[in-house]
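Structure, as structure tokens:
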């Protein structure tokens, strides 16, 4: 997720709550660096991390292994076919000093963010509805449990997998 503050054209009828959460959370000090480190060093999907946190924080409960597998299958096609290739191309063009190439790189970045937003839209559609009576502590615990489910025991216990507070 290169610059989540951008507002590319969205998907018609999209519920923006996952996207709003992602934008706000990603903007917190140190969060973008931590998420990008998990993406680049461990091959994790930032959108799935954000989904796991949002699902808990928004009161939609803890994810089961089966529910998380559904989320991964939902995100995978767009991520593999569009997000990852666009990211690779954008990063490849980063060091080119040509101004026209840098303008093209910005347009690629916009497309990459739009593709990330489609992934989040798909994830939000499978998230279910929030339980309005969930206490904040229970929501935070659900978010941490969901994050641990995705990070797994190896990363979840390492310094690199230090959990940012949602």
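The values are calculated or read from the model by the stated rules, or taken from the named source; none is laboratory data. These numbers come from a predicted model, not from an experiment. Note that each Cβ is placed from the backbone with ideal geometry, even for glycine, and that neighbours are counted across all protein chains shown.
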Scan 130, 136 and give me the residue that is touching a residue at least 40 places away in the same chain (Cβ under 8 Å), out of contact with any helix residue (DSSP H, G or I) (no Cβ under 8 Å at 6 or more places or on another chain) and either surrounded by fewer than 18 Cβ atoms within 10 Å (Cβ to Cβ) or closer than 24 Å to residue 80 by Cα (or both).
-> 130
Pairs with Cβ under 6 Å, 6+ apart, first in segment 29-52 and part of a loop (DSSP other than H, G, I, E, B), second surrounded by 14 or more Cβ atoms within 10 Å (Cβ to Cβ) and modelled with pLDDT under 95 | 44/38
Residues satisfying the stated conditions in segment 13-28, i.e. without any contact (Cβ under 8 Å) to a residue 40 or more places away in the chain and either crowded, with 20+ Cβ neighbours inside 10 Å or within 19 Å of residue 72 (Cβ to Cβ) (or both) | 21
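Would you please name the residue that is surrounded by the fewest Cβ atoms within 10 Å (Cβ to Cβ), looking only at residues in segment 68-114 that are touching a helix residue (DSSP H, G or I) at 6+ places or on another chain (Cβ under 8 Å) and not in a helix (DSSP H, G or I)? So that I can check it myself, show each step before the final result.
Keep residues of segment 68-114 that are touching a helix residue (DSSP H, G or I) at 6+ places or on another chain (Cβ under 8 Å), which gives 68, 71-72, 74-75, 78-79, 82-83, 86-87, 89-90, 93-94, 96, 101-102, 104-105, 108-109, 111-112.
Among the residues that remain, those that are also not in a helix (DSSP H, G or I) are: 94, 96.
Working: 94: 9, 96: 12.
Taking the candidates together, the pick is 94.
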